[in-house]
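The values are calculated or read from the model by the stated rules, or taken from the named source; none is laboratory data. Bear in mind the structure is a predicted one, so any value in this text is a computation, not a measurement. Methodologically, a virtual Cβ is constructed for each residue, glycine included, from the backbone with ideal geometry; neighbour enumeration extends over all protein chains shown.
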Amino acid sequence: MLEKAVEFVKDKMCDFKPQVGIILGSGLGELADEYSKFSIDYKDIPGFEASTVAGHKGKLVFAEINGKNVVMMQGRFHFYEGHSIQKVVFPIKVMKKLGVETLIITNAAGGVNASFNPSDLMVITDHINFMGQNPLVGKNDDSMGTRFPDMSEVYTPEYVELVKKTGKEVGIDLQEGVYMALTGPSYETPSEVRMARTLGADAVGMSTVPEAMVASWAGMKVIGISCICNSAAGVSTVGLSHEEVIKAANKAKDKFKILVKEVIKKL
């Protein structure tokens, strides 16, 4: 199926060769709309699924941004949608086979760190996999990565510093910290948020970690950026909703786009 997907996409790409891949999280798909040269609906690609989450259009978008050829996932697959963990990371393997060297993963996350505010952007320095699933379980594809991959530097340290430096240059105050992934789709309870904080998490969410693990295993450079779209339960004094997440993501989208475009220029 991977070979079929890669062959199908390459046929549509013609001579286009992507260097950078971006996974656009909730409310952040506007970047793809602005720069799209052409796109392919997920439902047409072998092995892909249609996206079911509000704010995720479900398209693989090809663009040129600041001199780099980019392929963007306008919406992602989530484990909580009922997909297998292998289905969730399938597009990352396709990107690798298409020649993508650097993967930028974005998400909407809940702020566990009490100093974070809604619409803050956080550079991910590390993660905690609390999903109970590892996307590398099963027969290993030795052509892509080793059986027992090192995960000590999933988020490429020099690119973490690049993002922080770029943020300062464009006047964006960035947070940095550890992202914890849980399955969702329910938001975390106050006790779960206290647990996350105790374990060292600064933000919680329902994605990113499987994709980052596979990208790192496959030898790709990885950048992770979270949009802190709400204060998590036990931090916030109000209830949580997806509408609140989208609202905060939309509020942050302009600075997010500026940051990502400048980072791409410097890669």
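Do we find that LYS68 is more than 14 Å from the chain's Cα centre (by Cα), of a type outside the set (Ser, Thr, Tyr), surrounded by fewer than 18 Cβ atoms within 10 Å (Cβ to Cβ) and under 17 Å from MET13 (Cβ atoms) in this structure? Yes: the conditions hold for LYS68.
Just one residue in the set LEU162, LEU182 is at pLDDT 95 or above and in contact with a Lys or Arg (Cβ under 8 Å, 6 or more places away or on another chain); that residue is LEU162. Taking region 107-125 as the range and being buried (at least 20 other Cβ atoms within 10 Å of the Cβ) and within 20 Å of SER152 (Cα to Cα) as the test, the residues that pass are MET122, VAL123, ILE124. LYS168 meets the conditions (1) free of Cβ contacts under 8 Å to residues at least 60 places away in the same chain; (2) closer than 24 Å to GLY219 by Cβ; (3) among the basic types (Lys, Arg) in every case but one. The failed one is (2). Checking region 198-206 against the condition returns no match, with no residue being within 12 Å of the chain's Cα centre (by Cα), crowded, with 23+ Cβ neighbours inside 10 Å, touching a residue at least 24 places away in the same chain (Cβ under 8 Å) and in a helix (DSSP H, G or I).
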